[in-house]
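Scroll down for the structure; my scribbles are underneath it.
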Amino acid sequence: MVETSDRRADTPQQSSALKRQLNEAQQATLNTLERFGWQLKFIRRPPGQPPLVVLQDPDTGKFAVLDEEGELDENPIWQTFRG
């Protein structure tokens with residue numbers, strides 16, 4: 001049996017690199033949420049739009065969006081971005 005690694009797996013280096021891309025308001029909110037187990041999962045950069053910072057709630061497994069003002073949207077309207 002051959003094991004393959006999931007390239008989406010979180011590593012400390014990946015998480016650290018993502019955090020450096022956040023502004024001060026987003027970093028402050030993330031620091032607070034991390035105390036409750038929330039995790040920064042990824043940042044999507046759709047063309048012509050602000051970056052989409054996606055976090056995950058450890059209790060429910062649901063995803064949420066952290067906006068540029070550092071506000072957490074736990075019920076975002078997900079859009080399909082086509083390149």
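Here A25 meets each of (1) in contact with a helix residue (DSSP H, G or I) (Cβ under 9 Å, 6 or more places away or on another chain); (2) outside any loop (DSSP other than H, G, I, E, B) with one exception, condition (1).
As a summary of the residue check, Q49 satisfies the conditions (1) at pLDDT 95 or above; (2) surrounded by 10 or more Cβ atoms within 10 Å (Cβ to Cβ) except for the one numbered (1).
The values are calculated or read from the model by the stated rules, or taken from the named source; none is laboratory data. All of these numbers come straight from a predicted model, not from anything done at the bench. Using ideal geometry, Cβ is built from the backbone for each residue, glycine included, and neighbour counts are taken over all protein chains shown.
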